[in-house]
Amino acid sequence: MKFVIVGAGGVGGYYGAMLARGGHEVFFTARGEHLKKIGDDGLEIKSVNGDFGIRAMAGESADSFGLADYALVCVKSYDTASTFDLYKNNVGRDTVILSLQNGVDNEDIISSEFGRKKVMGGVAFIGSRIKEPGVILHTAFGHITIGDPGGGVSERALKLCQIFNGSGVKCHVSDDIKRDLWGKMVWNTGFNAICAILDCSAKEVVSYKGTRQIVKSAMDEWIEVARSSGVNLAPSLADKNIAITLKGGEVIPSMLHDRRRGKKMEIETFNGKAAKLGAKLGIDTPVNLALAEIIRFFNQKL
């Protein structure tokens, strides 16, 4: 099958490389020195599950690749609409577009351009990042959940899930991907901002009682917002996410990685979204609002 990977960062780079190693034809969109290294030397994956490298096609856009069977959108949420031109010429009648991004709005944004029937939602549970140009460092987890935005289990979702599993990526099809996307936000509202502020891993944050309580408070606020929005998240999800993080490998959240690289952090996708929805629903979200304002302070200096 032919895959366009829109954004060859920690998420897109890892999953695209796994698909390429599994025998599929993969094209990465990338920029700058990262693009040059992929083109010259291939993409190297340094993984907790074993290192490997692939040779792959890459470019600033995927125009030269032709029509694709799948497009995996792995860019920052604030770049969702601005990157349509990178792969619009690869989208044909039967192309499936899978978002593996953070946040709860990307599927709607992509659908507004390409139509809802082409779009699937996905949740990636992974610790990975660009270590250096041409090198992806994979430190924890790696499984994904996919599903159709309208709910239910479709044949196309089962087919794509089989492709991922056949390429060594543990994949599950959800009959309610909206719930899963909102559920992943529990982890993101809890960990992304505070790790970026404190410059430490998620495990370090929850290893200290005081910051662990801040994490839990942010998570609890989001769960209340979700439940008031009609998404029935279990209150126990906060404790569950904290326990999994304590047991797992080192995870450097994407916002901390972005701050270290001097890049804009996608705070409006996480705590900013929680605070905005909370205000709309009349729910107080003081922890999410405070975390959002601190990151906004950092962002405005970039």
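Tabulated values for the structure
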| item | result |
| --- | --- |
| Filter pass, ARG259 being among the basic types (Lys, Arg), crowded, with 17+ Cβ neighbours inside 10 Å and either farther than 30 Å from SER47 by Cβ or not assigned by TED's automatic domain parsing to the domain that holds GLY7 (or both) | yes |
| Residue list for the stretch 107-135, filter: surrounded by 22 or more Cβ atoms within 10 Å (Cβ to Cβ) and more than 19 Å from CYS171 (Cβ to Cβ) | ILE110, ARG129, GLY134 |
| Of all residues making up the stretch 218-239, the number that are surrounded by 15 or more Cβ atoms within 10 Å (Cβ to Cβ) and either over 16 Å from LEU277 (Cα atoms) or among the β-branched types (Val, Ile, Thr) (or both) | 5 |
| Which listed residue is in a strand (DSSP E or B) and on the phi < 0 side of the Ramachandran plot, from ILE163, ILE144, ILE214, ILE244 | ILE144 |
| LEU256 being in a helix (DSSP H, G or I), aliphatic (A, V, I, L, M) and over 17 Å from the mean Cα position of the chain (by Cα) | no |
| Considering residues of the stretch 111-131 that are assigned to a strand (DSSP E or B), farther than 22 Å from SER47 by Cα and of a type outside the set (Gly, Ala, Ser) only, the residue farthest from the chain's Cα centre (by Cα) | VAL119 |
| Verdict on ALA157 being in a helix (DSSP H, G or I) and assigned by TED's automatic domain parsing to the domain that holds LYS36 | yes |
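Results for (1) of a type in the set (S, T, N, Q); (2) more than 25 Å from GLU250 (Cα to Cα), shown as yes or no for each residue.
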residue	(1), (2)
PHE164	no, no
CYS171	no, no
ASP176	no, yes
ASP180	no, no
VAL186	no, no
CYS200	no, no
VAL205	no, no
THR211	yes, no
ASP220	no, no
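The values are calculated or read from the model by the stated rules, or taken from the named source; none is laboratory data. Values in this document were obtained by computation on a predicted structure and should not be read as measured data. Every residue, glycine as well, gets a Cβ built from its backbone with ideal geometry; the counts of neighbours run over all protein chains shown.
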